[in-house]
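Novice: Next up is a structure, given as structure tokens.
The values are calculated or read from the model by the stated rules, or taken from the named source; none is laboratory data. Treat the numbers as computed from the prediction; the structure is a model and nothing was measured. Backbone-built Cβ (ideal geometry, glycine too); neighbour counts: all protein chains shown.
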Amino acid sequence: MGRRRSSIPLKTPWWKIAHLSAPMDPLLQCLQALWARRDVEKLQEEMRRGFASLHDPLAWLMGVLESHGDWKEQGLLSHIVRELQRWIRNGANSQLSGLKLKKLQARLFPLLPRCNASLLEPLTSIYRLHAADRPHLLGFVSYLCCQGKFKEAATLSIKLKLQPDLEFEKMCVPLLLQNRMELVTAYVGDSPELQRSLLQLLDSWSVPGFQVKDLARQYQPLPGTWPEKINCRTMHKMAFRFLDKYNLDPALCPNILNQRYLGTLKYLLHKRFVEKTMTQENWADHVQGIVQDNRWLQEQLVELLVRYAGLGVAALWAQRYSLPGDSSPIGLAGKMEELTILEREDASEQTPSDSWDSQKECCYQLPVPREDILFLSTWEEVMACKERVLQPGQVVGIDMEWRPSFSAIGGKPQVSIVQLATWGHVFLLDMLQLLQQGGQEAQATFSSFFQALLADPAIVKLGYGMSGDLRNLMATCGAFRDANPQLCGLLDLQLVHQKLPNRSKKSCQPPGPWQAKGKAWGTRLPEKGLSLLVQEVLGRPLNKTERLSNWERRPLRETQILYAASDAYCLLEVHAKLLKDPAVFGLSSDMMTMMRKADPKAKTRKQLREQEAPPSRKEIPASILEDAPSSSATVLAQDFRVVCDNMLQGLGRYLRCLGLDVQILGNDDEHWRAAEIARKENRVILTSGLPFQSLRSQVGEGQCFSVNCSEKAREQALQVLRHFNVRVALADVFSRCQVCNCSRYLKVSKERMAQLMKQSGCWVGDVGSCWGDPGPATTTEPQSFSLTPPQPTYSPSWQQLEAAGPGDEPAMLPNGVRLKVEAVPMGVLSKEDLDCFCCCSQCGKVFWEGSHFGHVVSQFKEVLDLPEES
């Protein structure tokens, strides 16, 4: 019997045979066929024609959603939904109203949790959920929360603007526990009330004794909770981010402020009594400004002083604040009773050596008479200074001072003093007074003066790390920021310093007479930055005891004036000495040319950075772009050592994957620990935000780099590698343990690993049969690469481990740590191309070749030294 032919032509459009359709929707069947062929253009055309021919496209889409809510081809479903949304926006008359629309909305609600989160916005627009019954919407959001779908509930609430009618903590606490900060930020949106509620919620988590784990137990079904990562530091970082973003009143978070101030006090105590790099007067000035009338901080200060300085000093401060003796540390009450006026003077920690004069003989001496150091606080004085500074052929040393910022409170630093040094004279411009005299007119006057100075190619301007100075000056003087000046004739001696040959990698010199004499007050820390350059060129370092002064206090102390003048004038002497004896310092002819005359063809700045936004690379000339100048010399990955602040832990893990020696601060570590590690181990600090301002002042110039926190960890890693010109070879990838940073591994064969897993209770059955059953950890080839992991540095002790017999105890490392064989999936043993395992000799973590190696290589192939493909 012959085959019956269909009476329908093969090319008949689907809408002409709808009356003959099978249970499968003909439009959907057609779209599936086009999707399988990946013919996107034809697919979009067919969807538009199909929507136009349908009597009710919204009802048709609802049928598709109901029939295929768990459909695996979510990609096609997304195309259909978004194309229908565009079709409606382009003027298609398919909007429903009244009871029919409400019925479709009621049918949509149960489907929303089953749809991809990316479909919420277009479905909300298509079915006009913003016009739906509000109590119904609120009930559905509560239902999503009960189902643990907090992300979907928050997204829907934001789209429909339901936040004012929802319980804030019920919505945001689960999001915070899941680290969905972007969603929380979107949820509070432009509502000041919600922003304040968020800040107060974070502050309530900072109360002493609060445990995030107790809160997390209320959300046990919540996926991806991270209560172990939520601590004081992360909460404080969130709070200060919101304070800055929304310009909120800091009084809304008193607990967080107290904890931040307490951290600042600990830092100041460390500088004063451990490092001994602050004078008593400087230290006391900062402490009083922080503590003020806060009773809790006063008590905390006294308790800390007992530990850092002893009962005598603690008793002095306890009496200053009239603290009751019964609530003080043990023994302090008796000390306070014994203290008389005379004893109070004897108990002071101020000693004769704790002064500017005590280091006079061992530090750089300013060769300018005191009468030629002019402090200018009126515009008449500044105009007279202008006549003397703006002279052709002049060489001018430029420096600036501002009050140090020890915390995220107080905004951006404002320049207090601008120092201009010429041969025989130093001019100190009092910016606090000058900018208050005349408002905008005063700013314009100063801006024109500084523009004329910076743009004149006939005047050589000297500085050291000038980018930070110029950026703070722009933040202080708005008129200068908006003037679009030219920068000509600038010479940053920091760049020259980096070119000096035979410099110690640790940026310090062997002990000299100045260090021996400085031991009367405390062992002098290794010199860094400008002080090190002055020491290397002129023979003695700068006296930096006034560096952390309160530069906004008036009148300035005599020692502050001398310090500010020395910082600017030493630039002239260093520059002259390098020009006079270039061969002694190993300077090249190119460097000498740059020093004799700075490039007069500097580019014009197209746009100065906004005062309230961080600077971008397009806004600042390349010559002053970074506080940590890029190195022209290539640095090998294994030779580059960094310490990552705890806000950049993801960046630290990426850099470890690439073989860099990375120390990562823990969540509970204070920021100043990064500077301590950097100085001790000669590392570069990677940080971001306000901590950068305080950390860069504690290490040498160029040893602290500010990373853009708005970028993802991969982009941050690329930024660091390019900035420091770090060369990463293929052999560097995974050459370090990602957990503990160790670079030595134990080599264990596949057969021996099977025995160790069996001995440790990780039963894997017969090894031979296990190999024939591929497990979950199968290898996928990396994109366009055929590579093998690098050969790590194996520890000699792996031979002892390999030689152990099957009946021995489970493998123990020489340091007493067990190999973590239980973390190895059984399926890994079945991989035929796997020869051995690499085990960290320090923490016992087990690694093996897998797809992760190829992923990392493909992510960083633009900076990797890869073999050329044949």
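Novice: If you take just the helices (runs of 4 or more DSSP H) that sit entirely in the stretch 69-175, which of them hold at least 1 residues that are at pLDDT below 80 and among the small types (Gly, Ala, Ser)?
Specialist: 74-89, 98-108
Novice: Please note which strands (runs of 3 or more DSSP E) are completely contained in the stretch 656-758 and include at least 1 residues that are β-branched (Val, Ile, Thr) and either surrounded by fewer than 20 Cβ atoms within 10 Å (Cβ to Cβ) or at pLDDT 85 or above (or both).
Specialist: Result: 661-664, 684-687, 726-729.
Novice: Next up: Hey, could you check the stretch 173-221 for residues that are among the basic types (Lys, Arg) and within 25 Å of the chain's Cα centre (by Cα) and say which is farthest from Ile158 (Cα to Cα)?
Specialist: Arg196
Novice: Of all residues in the stretch 508-561 being in a helix (DSSP H, G or I) and either touching a Leu at 6+ places or on another chain (Cβ under 6 Å) or of a type in the set (Ser, Thr, Tyr) (or both), which is modelled with the highest pLDDT?
Specialist: Only one residue tops the list, namely Val534.
Novice: Let me ask something else. If I go through the stretch 478-507 residue by residue, how many of them are of a type in the set (Asp, Glu) and modelled with pLDDT of 75 or more?
Specialist: The total comes to 1.
Novice: Out of (1) small (Gly, Ala, Ser); (2) at pLDDT 85 or above; (3) more than 15 Å from Arg82 (Cα to Cα), the odd one out for Gly50 is which?
Specialist: Result: Gly50 passes all but (3).
Novice: For the stretch 631-655, name all the residues that are modelled with pLDDT of 85 or more, under 20 Å from Val699 (Cβ atoms) and small (Gly, Ala, Ser).
Specialist: Selection gives Gly652 alone.
Novice: Residues in the stretch 383-405: is at least one over 21 Å from Leu562 (Cβ atoms), at pLDDT 90 or above and in a strand (DSSP E or B)?
Specialist: yes
Novice: In the stretch 418-473, what count of residues is obtained for those that are farther than 17 Å from Gly489 by Cα, of a type in the set (D, E, K, R) and not in a helix (DSSP H, G or I)?
Specialist: The total comes to 1.
Novice: Give me the residue from the stretch 436-446 that is in contact (Cβ under 8 Å) with a residue 24 or more places away in the chain and surrounded by fewer than 21 Cβ atoms within 10 Å (Cβ to Cβ) and, out of that set, nearest to Gln391 (Cα to Cα).
Specialist: Here the answer is Thr445.
Novice: Let me ask something else. What do you reckon, is Leu304 farther than 18 Å from Pro404 by Cα and surrounded by fewer than 21 Cβ atoms within 10 Å (Cβ to Cβ)?
Specialist: Yes; evaluated as a whole, the condition is true for this residue.
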